[in-house]
Each structure stands twice: as C-alpha cells, then as structure tokens.
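The values are calculated or read from the model by the stated rules, or taken from the named source; none is laboratory data. Because the structure is predicted, anything quoted here is derived from the model rather than measured. When the accessible area is computed, the model is the full protein with side chains, heavy atoms only, and any ligands, DNA or RNA have been set aside. Shrake-Rupley method; radii C 1.70, N 1.55, O 1.52, S 1.80 Å.
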Amino acid sequence: MINTDPTALPDPWHSLHELLAAMDAEIEQVYVERDIEGVRPRFAYPLIRLAHTGPLTILELAKSLGRSHSAISQTVAAMLKAGLVTSEPGPDARTRQIDLTGRGRSLVPFLEAEWRATHATVAELDSEIPHAMTAVVAEVRRALERRSMRERVLHHLVEPPR
C-alpha cells in the first residue's frame, strides 16, 4: 500500500467554502463602504435577534438562531470586542446576559435592510442558475435524512491496521 498524502488531492469542499467566504467578503465590503467598521456579516443575525427579543443568554440566543452554543459564544466574543454587545451576569453564576450596546442598536436598521437585500440577492441568483442553491441545499438535507453523513463516511472508511 502506497502511503500518499490525501490532502494532495483536490478538496471537494474547497470551492463551496471559497464561494461562501467570497460572498461574505462582498457583504462585508458593503459595510466598509458605508463606514461600518468592525462588523462581520455573521453578526447581523444575532444583532437583529437581540434587537427584537431584548437580552438573552448565549444558550438562548444560540437556540433562537438554530446555531451551536460554541459558534454563538465565539460570535458574541467578537461582537463584544467590536463594542456591539454587552455581557452581564445572568440569573445564575454560569450564564451571561447578552444585550446590544448603543452602537449595536444603531446598526440594526441598516443590518435589517442588508438582510432583506441579501435574501433578495439569493432569490435573484437562484433564478439565474440551473439548480437553485436553496433547492440543492434542501435536496442534500433530504438525502442526509435518508442516510446520515456519519453513516456515509463509515461506509467509505478504510481504517489502517492498528
């Protein structure tokens, strides 16, 4: 058996990750062109949600957005650094209440407008391409419901001898 570096082969995920990063970078450029510094596209969803719900714990925010606690914790840390949210002790010693700062609140009307514009852009792109991205994502989800990613990986996994 030849021991070759599997990372030397083309990565089927690379083009998807590259596309998503490029799209996010273009949205971020819209912010920069409007002198909105230090705001990332991933901040829009939690900032808009906090504007409509009021303070939430990280876990409550994560659940309300359908994101992992870890992902939202990292996003909140970045938003704290950017001065967009505050973090105060929650109802018990293990939780923190996250709320908007004045700066965070002042950005919400623009972020809501950008959110709507981004959704309109996705709809426009879906109409221009032969296989709508939203439909492809739904089809992939249905395929994974029939047979999970884990099951599929295990089917193809050939483990080296121990």
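Computed as a quarter of the hull surface, the mean projected area of the alpha carbon convex hull for the range 10-83 stands at 6.0 nm². Overall shape of the range 70-162 was characterised from the C-alpha gyration tensor. The equivalent ellipsoid obtained from it has semi-axes of 37, 27, 11 Å, in decreasing order.
Between amide H atoms placed 1.01 Å from N, distances below 5 Å from Thr95 occur with Gly90, all of them 5 or more places distant or on a separate chain. Taking the accessible area of the chain, probe 1.4 Å, and keeping the other protein chains in place, the carbon and sulfur fraction comes to 58%.
Remark: the range 18-162 carries 68 Å² of accessible area per residue (probe radius 1.4 Å; ligands, DNA and RNA excluded). Taking Cα atoms only, the orientation of helix 69-81 departs from the longest principal axis of the chain by about 40 degrees. Using C-alpha pairs below 8 Å separated by at least 6 residues, the relative contact order for the range 67-117 is 25 percent.
Relative contact order, whole percent, for the range 1-92 stands at 18, derived from Cα pairs under 8 Å and 6 or more residues apart. When the P(r) is computed for the range 17-58, the part past 12 Å accounts for 64% of the Cα-Cα pairs. Look at the alpha carbon pairs under 8 Å that are at least 6 residues apart: their mean separation over the length of the chain gives a relative contact order of 16 percent. Computed over the chain, the convex hull of the alpha-carbon atoms projects to a mean area of 14.6 nm².
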